[in-house]
Amino acid sequence: MVNPQMVMYEEEFNQIQTVVDRLVREANAKVVFIVDKNGQLIAASGEVDNIDTTSLASLTAGNIAATGGIAKLLRENEFATQFHEGEKANIHIQLVGNRVILVVIFDSKSSLGLVRLRVRKASDELNRIFEALLSKVQEPGGDSPFAEITDEDIDNLFND
Amino acid sequence: MSFINYMAREINCKIVYYGPGLCGKTTNLQYIYERTNPDAKGKMISLATETERTLFFDFLPLSLGEIRGFKTRFHLYTVPGQVFYDASRKLILKGVDGVIFVADSQMERLEANQESVENLRTNLAEQGYSLEKVPYVIQYNKRDLPNVVPVEELRALINPMNVPDFEANARSGTGVFDTLKAVSRLVLNELRRGG
């Protein structure tokens, strides 16, 4: 496979969660979440109970992919930042380390300037955490919990 | 590329339905959505044109149950089939763990199927995957229609690698879950090998 497997461990997850929790507070945001470029939700914070984070994750990744496609056609490396302004809600999307996507949803209690400022700081921290995570994943000798699964385990999934 | 989350004890995999325009990819997803227990599915999203042709993708998250204490989640995507949406198709293949090729069994779509398989091969290669290595199954859809090509003939033309294949009628649901189960099985086997 071209990309190493995306893996999340407890230690890094907690570090990431700390960053997103803080970003919600410091940016006065409603919701902050992190998605990998393939559309898998990694972490979320804020008023997440009322929103469908799985769908948001997939659509955000689709959005970033489409924008990346446009960038390529224009011979740009990427468009790392996107901002969509609505009547009540606004969404700020930032590509971090060309690997994960940081999404901030905010309303009139915050401002684009504040969000951009806080996102910049959070991006640097997240970048460091994901780089460490990636090098950990690439270390040899990590046991996959799936190495031991049997045909029976797989069959059991499909017993309706 | 699957995503293993040790913290949430979850494993997430991406399955893509590929095939020529109007072959029934979205219909497959709609049937799965209708027939799945509400606890096991999320919302189905369709980014479609006003005439209900898929513009970018359809998306359906499914939970299959636990395996060795890990929740297995499959994210099902379709690509737009129309030839001119090729740029979008490439994007959706990023990070794919398994592919279902939905063939339209009607005589007049024979060439469209062959072109679409070739397009799949090319687009996978651009992402650094090869059709020979990625978990891959084929579905011969629309078997209920009168003007269909015999399965043997279809198989000879679009399944030279002899991957698992299934006859289906996605509208009534025949073969839909068999196809999905087959690719899921291949994806999980790939995970076991550490792929």
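The values are calculated or read from the model by the stated rules, or taken from the named source; none is laboratory data. Everything numeric here is computed off the predicted structure, so don't read it as measured data. Because the Cβ atoms are built from the backbone with ideal geometry, glycine has one as well, and the counts that use them run over all protein chains shown. Keep in mind that these areas ignore ligands, DNA and RNA; they rest on the heavy atoms of the full protein, side chains included. Shrake-Rupley method; radii C 1.70, N 1.55, O 1.52, S 1.80 Å.
Summary of values
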read-out: Residue that is most open to solvent (accessible area, probe 1.4 Å) [pool: residues in the range B:11-44 that are within 9 Å of chain A (Cβ to nearest Cβ) and not aliphatic (A, V, I, L, M)]; value: B:Lys43
read-out: Flag if B:Glu126 is of a type in the set (Asp, Glu) and within 14 Å of chain A (Cβ to nearest Cβ); value: yes
read-out: Residue that is nearest to A:Leu114 (Cα to Cα) [pool: residues in the range A:68-93 that are open to solvent by 80 Å² or more (accessible area, probe 1.4 Å) and of a type in the set (A, V, I, L, M)]; value: A:Ile70
read-out: Near pairs, Cβ below 6 angstrom, 6+ apart or cross-chain, from the range B:94-112 (closer than 17 Å to B:Glu153 by Cβ) to any residue that is of a type in the set (S, T, N, Q) and open to solvent by 20 Å² or more (accessible area, probe 1.4 Å); value: B:Gln106/B:Asn147; B:Met107/B:Asn147
read-out: Listing of strands (runs of 3 or more DSSP E) fully contained in the range B:79-195 that carry 1 or more residues being in contact with a Leu (Cβ under 7 Å, 6 or more places away or on another chain); value: B:98-104, B:136-141
read-out: Search result, residues across the range A:94-142 that are open to solvent by less than 10 Å² (accessible area, probe 1.4 Å), over 11 Å from the mean Cα position of the chain (by Cα) and among the aliphatic types (A, V, I, L, M); value: A:Val115, A:Val119, A:Ala122, A:Leu133
read-out: Sole exception among (1) under 27 Å from B:Arg68 (Cβ atoms); (2) free of Cβ contacts under 8 Å to residues at least 40 places away in the same chain; (3) facing chain A (nearest Cβ under 10 Å) for B:Leu47, by number; value: (1)
read-out: Unmet requirement for B:Ser116, which otherwise passes all of (1) surrounded by 21 or more Cβ atoms within 10 Å (Cβ to Cβ); (2) within 14 Å of chain A (Cβ to nearest Cβ); (3) among the polar types (S, T, N, Q); value: (2)
